[in-house]
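Asks: Mind looking over this structure? Questions follow.
The values are calculated or read from the model by the stated rules, or taken from the named source; none is laboratory data. Not measured: the values here are computed from a predicted model. Heads up, the Cβs are rebuilt from the backbone with ideal geometry, glycines too, and the neighbour counts pull from every protein chain shown. Just so you know, the surface numbers come from the protein's heavy atoms only, side chains and all, with ligands and any DNA or RNA stripped out. Shrake-Rupley method; radii C 1.70, N 1.55, O 1.52, S 1.80 Å.
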Amino acid sequence: KRRSYAEVQRELMVSQIGSLEAEVQTLRATTAAVTAAQPIRLHGSGTTNPSKYFWQVMELFRERARMQLHMTYRAIGSSSGQFEFVGEDNDFAPFNDFGSGDIPMTKTNYDAVKAAGHDMVHIPFATSAIAIFHSVPASAHGGSAIKLTGCVLAKIFSRQIKTWDDAEIVALNPGLSVPANTNIKVVHRVLGSSSTSGTTEYLEGVCPESWSLGSGSTITWPDDTFTAEGSGGMASFIQENEYAIGYLDAGHGHSLKFQEVALRNKDGQSLTSEQANIGAAADGTTFPAADADWSEVNLYDKPGATTWPITVFSYFYVRKDLSTMHPHTAALLKAFLTFSWSEEGKSLLGDFDFTPLPDSMVTFNENTVTSMAWPTGMQEFTFETSTDSGPGAGDMII
C-alpha cells in the first residue's frame, strides 16, 4: 500500500526525534563526566604559623579522596589574611574560602564585615606558643637556657638594654660569659604578623613601664633593630647571625633546634615553651559567642606554674552564611574545619608543636559549625576511619 506524504513525514520526524533524544543523552553524559572531572576547589590564606600543618592535611585529603581536590593555603601573615577575608577592596566578598590567624579579627575588621551586612565566626583549632629564640653561642652560657623576665625582654626589644653583658641580664644569668659590650641583634617581622601582635601585646601588658612602643601586628621599632619578612626570614636571621634574639612560633624554632629563652611566667617560674603546658592558658578562660567580637580575647600571662606566658589560639575565620557557596566547596571546607579536632587531626597537630583544644572548646566549635548556614542539599564528606569495603569507595569519602 502506498504511504501518504503525511505518513512519510511523520516517520521521518519520529526518527529525527529519536536521534535528538540520543544526542541529548550523550550530551548529558558528557556534561556529567566533565563535571565529575572538575576538581573541588578550596582556598585559604593567613598566618604562617600553622601553614605546614594545613599543607599536610591538604595533601592527606588529596591522597585519600576519590574526587579530585584542589586545595591551597597562602601563608601571608595574619594581617594580610584578615585583609583578604574582609574583602573591603572586593565589595566585601572574601578573596578566599576561609582565613586563618593567631590573633582574633581586629575590631575594625569585624565591624567592617558587620557593617557590610555579613556575619563571621571565629573557630579556634589549636593553641600554640610564641617563643623567644636567640643565637648566643652555647659556650657563653654553658648550654643552660638564658633566663629573662618580661620586663627585661621589653627593655631588650625596645633597645633600653643593648648588650648581652648588661647588668640586668647577668643578674638573671650569673654564669653568662660574653665579650664585653656584645651588641644584642634584635630582629623583628617587617610586615603584619600575629607573632608581632602576640609578643608586643604581652610586653605591653606585663611591663607597661618598660614598653612604650605600643602593640599590634605592626609597630614602629627602634632604628637599630633588624627586619625579617615572614617566619622564614626571622629564622634565617637567627641562624645566620650570632648574638641575635627574636620571636617565632615555637614549633618552627624547635624544628630548627634553636636555643630558646626561659621566660618567667606569672607564677614566677622560668621555663621554656617546651617545658610548659601550652594548653593550660586556655583553662578557665571564658569566650564570647562564635559570631561576636573576639578582639579582646587573649591568652597572655595567665596564671599557673607551668603556663607559657605568650600563648595564642590559632583561628579559622569563616563567614557564617555559606548558603551560596558551591555545595562541594562548602562540604570540603566543613570537612577541613572538623578534621582539626578529630582524633587524627589532633595527633597531627602535635607533630607541629600545636596543642589540641580541650573538650569544652571542641563542643563550642561543633555548636558553631551547626549554627552556620550551609548550601541546601549539600552532601557532606565523611571520613573512613576504619575499612569500609564498598561504601568506602564512594565519591564523598576521605
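Asks: State, to one decimal in nm, how far the label point of Asp359 lies from the label point of Phe226, with both points 7 Å from Cα in the Cβ direction.
Replies: Taking the simple label geometry, Asp359 and Phe226 are separated by 4.8 nm.
Asks: Can you tell me the mean projection area, over all orientations, of the convex hull of segment 305-398's alpha carbons? Units nm², please.
Replies: Values: hull surface 31.9 nm².
Averaging across all directions leaves 8.0 nm² for the Cα convex hull.
Asks: Continuing with this model, one more query. How much length is gained on full extension from Leu20 to Gln56, taking 0.36 nm per residue of separation minus their Cα-Cα distance? Display every interim value, and only then the final one.
Replies: Numbers: separation 36, 0.36 × 36 = 12.96 nm, distance 4.86 nm.
Working it through step by step, the gained length comes to 8.1 nm.
Asks: Could you work out which residue, out of Lys257, Lys155, Lys346, moves most in a Gaussian network model of the chain, that is, has the largest mean-square fluctuation with Cα springs under 10 Å?
Replies: Lys257
Asks: Given a 1.4 angstrom probe, what's the average accessible area per residue across segment 199-294, in square angstrom? Intermediate values should be presented prior to the final figure.
Replies: On the way: 4290 Å² over 96 residues.
In whole numbers, segment 199-294 has 45 Å² accessible per residue.
Asks: Mind checking segment 265-313 for chymotrypsin sites (Phe, Trp or Tyr not before Pro) that DSSP puts in a loop (not H, G, I, E or B) and that have at most 11 other Cβ atoms within 10 Å? Each step should come with its number before you reach the end.
Replies: On the way: sites: Trp294, Tyr300, Phe313; in loops: Trp294.
Answer by residue number: there is no such site.
Asks: Going through segment 178-240, which chymotrypsin sites (Phe, Trp or Tyr not before Pro) have at most 10 other Cβ atoms within 10 Å and a DSSP loop state? Intermediate results must be reported in sequence, preceding the final value.
Replies: Working: sites: Tyr202, Trp211, Phe226, Phe237; in loops: Trp211.
Within segment 178-240, no chymotrypsin sites (Phe, Trp or Tyr not before Pro) qualify (loop, at most 10 other Cβ atoms within 10 Å).
Asks: How many angstrom lie between the Cα centre of segment 37-59 and the Cα centre of segment 347-398?
Replies: Cα centroid of segment 37-59 versus Cα centroid of segment 347-398: 15 Å apart.
Asks: A further question on this structure: Any idea what the dipole of the chain comes to, in debye rounded to 20, about its Cα centre with Lys/Arg Cβ at +1 and Asp/Glu Cβ at -1? Provide the component values of the computation, followed by the final result.
Replies: On the way: 27 positive and 45 negative charges, 191 e Å.
Roughly 920 debye, rounded to the nearest 20.
Asks: Quick one: Debye curve from the alpha-carbon atoms of the chain only, equal weights, vacuum; give me log10 I(q)/I(0) at q = 0.06, 0.07, 0.14 Å⁻¹ to two decimals.
Replies: So the normalised log intensities are -0.31, -0.40, -1.19.
Asks: A follow-up question, please. In a GNM of the chain with a 10 Å cut-off on Cα contacts, which of Thr272, Thr225, Thr329 has the highest mean-square fluctuation?
Replies: Evaluated over the chain, the most mobile residue of the options is Thr225.
Asks: Now for a separate question. Direction-averaged shadow area of the convex hull around the Cα atoms of segment 260-337, nm²?
Replies: Numbers: hull surface 27.5 nm².
Over every viewing direction, the Cα hull of segment 260-337 projects on average to 6.9 nm².
Asks: Tally Lys/Arg at +1 and Asp/Glu at -1 over every other residue whose Cβ is under 12 Å from the Cβ of Glu344; what's the total? All intermediate terms of the calculation are to be shown ahead of the outcome.
Replies: Details: positive: Arg64, Lys346; negative: Glu343, Asp351, Glu384.
Local charge sum for Glu344: -1.
Asks: Then there's this: Taking only Cα atoms, what is the 0 to 90° angle, nearest 10, from helix 327-339's long axis to the longest principal axis of the chain?
Replies: The angle comes out near 30 degrees.
Asks: Once Rh is set to the Kirkwood radius over Cα pairs, what Stokes-Einstein translational diffusion coefficient, in µm²/s, holds for segment 217-294 at a temperature of 10 °C and a viscosity of 1.306 mPa s? The partial results should precede the final answer.
Replies: Values: Rh = 15.5 Å.
It comes out at roughly 103 µm²/s.
Asks: How large a share of the accessible area of segment 108-174, in percent, is made up of carbon and sulfur atoms when the probe is 1.4 Å and the other protein chains stay in place? Walk me through the numbers on the way to the answer.
Replies: Working: 1140 of 2230 Å².
Of all accessible area on segment 108-174, carbon and sulfur atoms account for 51 percent.
Asks: I want to verify a result. In a Gaussian network model of the chain, Cα cutoff 10 Å, which of these has the top mean-square fluctuation: Leu69, Leu12, Leu337?
Replies: Leu12
Asks: Also, quick follow-up: Report, to the nearest 10°, how far helix 359-371 tilts away from the longest principal axis of the Cα atoms in the chain, using its own Cα long axis and a range of 0 to 90°.
Replies: For helix 359-371, the angle is close to 40 degrees.
Asks: Let me know the number of lysine pairs in the chain closer than 21 Å at the Cα, not counting same-chain pairs under 8 apart.
Replies: Lysine pairs satisfying the spacing and distance rule in the chain number 18.
Asks: Size of the dipole of segment 202-333 about the Cα centre, Lys and Arg at +1 and Asp and Glu at -1 on the beta carbon, nothing else charged, in debye to 20? Numbers along the way, then the final one.
Replies: Values: 6 positive and 17 negative charges, 87 e Å.
Computed about the Cα centre, the dipole is about 420 debye.
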